[in-house]
Amino acid sequence: MYTIIKKLFIFARTIILISTIHAAGTDTASTTSTTINMPSPLHFASIETTDSMIPSAPKVSSKSYILVDANSNQLLAEKNSNEILSPASLTKVMTMYIASNAIKNHQISLEDQVFISRHAWEAEGARMFVKQGSKVKLSDIINGIVVASGNDATIALAEHIAGSEESFAEIMNKTANKLGMKNTHFMNATGLP
């Protein structure tokens, strides 16, 4: 993010300097030349940035948000970022993070057949519409979570990994703790109240 901001700043500075030179009275018919020492693209990384170069926080109509530069961990903007709120479907990001690690560590496979329990089938809100008692391929369950935000698929995945949604929530909280998410507590895999 900072790299993009630096490049935009340099570009804007170049345009401003060129505009200033033209406004100062140099014209295209003049035989004299003006030299501008501008950093080459290879020197972008050496340019110092200051807080005054960072634009003001955006107007966002949410109760809470936080924007952090992923490379430097610098806080760029926030609004009520420490307020305790229900994360809703953002909870599924943690669910998918745990599932991705389980796949990577060969604890589960995309070819697994995931049993759809009554609890998963009865899920409210966004759904994949899987049938109770059926078995669905894990790769399809993941698509149901990622594409449809399916609460039924999310619960089925949690049960497949941990045996129950409650046990999966414990895994989510332990993972959050390891990631340094100190003000986070998961109650379930879906984020439903």
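The values are calculated or read from the model by the stated rules, or taken from the named source; none is laboratory data. What you see is a predicted model, and the numbers here were worked out from it, not measured in a lab. No Cβ is skipped: glycine too gets one built from the backbone with ideal geometry, and neighbour counts run over all protein chains shown. Heads up: the accessible areas ignore ligands, DNA and RNA and are worked out on the full protein's heavy atoms, side chains in. Shrake-Rupley method; radii C 1.70, N 1.55, O 1.52, S 1.80 Å.
Taking only the Cα atoms of region 47-193, the ratio Rg/Rh comes out at 1.06, with Rh defined as the Kirkwood radius. Using only alpha-carbon positions in region 67-120, the gyration tensor eigenvalues give semi-axes of 32, 18, 6 Å once each is multiplied by 5 and square-rooted (largest first). In straight-distance terms, cross-link reach from LYS59 covers every one of the aspartates and glutamates whose alpha-carbon lies under 12 Å from its own, apart from those fewer than eight places away in the same chain; here that gives GLU78. For region 104-193, the tally of Lys pairs with Cα-Cα distances below 29 Å comes to 9, considering only residues 8 or more apart or on different chains.
Available extension along the chain between MET181 and LEU75 is 36.6 nm, counting 0.36 nm per residue and deducting the alpha carbon span. Measuring from centroid to centroid over Cα atoms, what is the spacing of region 55-70 and region 136-193 in Å? Between the Cα centres of region 55-70 and region 136-193 lies a distance of 26 Å. Label positions at MET53 and LYS137, each projected 7 Å from the Cα along the C-beta direction, are separated by 4.9 nm.
Protein heavy-atom accessible surface, 1.4 Å probe, per residue over region 123-193: 54 Å².
Taking every C-alpha pair closer than 8 Å and separated by at least 6 residues, the mean separation divided by the residue count of region 98-193 gives a relative contact order of 24 percent. Residue ranges 151-160, 127-136, 183-192 sort as 151-160, 183-192, 127-136 when ordered by packing (mean number of other C-beta atoms within 10 Å per residue, highest first). I need the shape label for region 105-172. Rule: rounded when a/c is under 1.5, else prolate if a/b > b/c, else oblate, with a, b, c from the alpha carbon gyration tensor. It is rounded, given that a/c, with a ≥ b ≥ c, falls under 1.5.
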